[in-house]
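See below for the structure under consideration.
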Amino acid sequence: MSSLHLCLLPWLQALQTLTNRTMAGMSALTDSSSQTDSVIHGEKRQFRQTGVDVASTLEQPIAIGDGFHCSDLITDNGLVDTTVLAVQTKALTFMKTWLAEWQAPPASPKRDVPQSRKVEINSRVFRA
């Protein structure tokens with residue numbers, strides 16, 4: 001391992017910890033009961049050498065094209081790079097599946113304001 005890698009390693013580990021905490025916070029904010037996440041990266045991403053190999057699953061699909069970080073987010077990149085198009089197509093396939101499986105939570109019934117919280121003034125009812 002080069003001295004540059006040794007110098008960057010603590011920073012990268014701290015960044016990964018922060019990223020994990022941020023994602024955990026986002027999951028908590030969205031109150032998702034599903035741990036459905038996807039990882040989409042490119043072979044040319046800048047931190048590839050510091051990452052780990054993870055198996056792709058139906059619950060957490062991983063798609064790696066020959067692009068760079070986020071190159072799949074620009075749809076026109078799929079027109080010039082077939083590996084990016086493959087990543088985009090795979091992502092859309094999983095998103096369609098997840099959306100088809102999603103069910104809206106049951107609507108909560110409207111609560112009636114208790115009589116004690118209603119105030120009548122000049123034949124008009126106000127709710128406190």
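Using the beta-carbon distance between THR89 and VAL54 and R0 = 22 Å, what value does 1/(1 + (r/R0)^6) give for FRET efficiency, to the nearest 0.05?
The value I calculate is 0.60.
Contour minus end-to-end for GLU101 and ASN122, with contour as 0.36 nm per residue of separation and end-to-end as the Cα-Cα distance? Don't skip to the answer; put the middle values down first.
On the way: separation 21, 0.36 × 21 = 7.56 nm, distance 5.24 nm.
Difference between extended and current length: 2.3 nm.
Read-outs: derived from the displayed coordinates by stated rules, not from any lab. It should be emphasised that the depicted structure is a prediction, and the values quoted were computed from it without experimental measurement. Using ideal geometry, Cβ is built from the backbone for each residue, glycine included, and neighbour counts are taken over all protein chains shown.
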